[in-house]
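Step one of this worksheet: look at the structure below.
The values are calculated or read from the model by the stated rules, or taken from the named source; none is laboratory data. It should be emphasised that the depicted structure is a prediction, and the values quoted were computed from it without experimental measurement. Because the Cβ atoms are built from the backbone with ideal geometry, glycine has one as well, and the counts that use them run over all protein chains shown.
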Amino acid sequence: MSEYYDPKTYPAQWNYLQPGTMVDDYIIERELAHGGFSSVYLARHRITQIQVAIKEYLPRKLAHRTWNNNIVANSDQSKKLFIHGRRLFIEEAQVLSDLKHPNIVEVVSFFHANSTVYLVMMYAYGVTLDKLLLAKKNTPQYSMATGCF
């Protein structure tokens, strides 16, 4: 745990892995998305140069990144929850890696690094779901479908 964590003075660049950062065999290119418990990056395999999406377990209410990219709990109270969530994240990765379906993004691997865990997925090129839904929002089929719920 970091004794000096203060969200008000926390450097913004520490929120995410910076472009060029090496994690396992992957080079981070940029952040794709983030949420309450993880960040997703576009990365490239160091040898094959294949682009992948990497999901990093980082629940911001429980933990934060240090200057050397290690993830540490925000407090003694949050440490137990952070460790439990990290274990569940790996269990989810194990289950997802066994799923093979054309409508599910393929999980390539998962690993521990920087005191947290990472899930590596094939990068799916195309339109994001939120943009697709926004574009279809004014279509009659969308209005009828959403009206049912």
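General observations
- Pair list, Cβ under 9 Å, 6 or more apart: region 24-48 residue modelled with pLDDT of 95 or more and hydroxyl-bearing (S, T, Y), other residue outside any strand (DSSP E or B) and crowded, with 17+ Cβ neighbours inside 10 Å: Y41/Y16; Y41/L17
- Identity of the residue in region 105-149, at pLDDT below 90 and touching a helix residue (DSSP H, G or I) at 6+ places or on another chain (Cβ under 6 Å), that ends up farthest from N68 (Cα to Cα): Y142
- Residue list for region 74-111, filter: free of Cβ contacts under 8 Å to residues at least 40 places away in the same chain, farther than 18 Å from K55 by Cα and not in a helix (DSSP H, G or I): K100, H101, P102, N103
- Selected residue (criterion: nearest to N69 (Cα to Cα)) from residues of region 15-59 that are outside any strand (DSSP E or B) and among the β-branched types (V, I, T): T21
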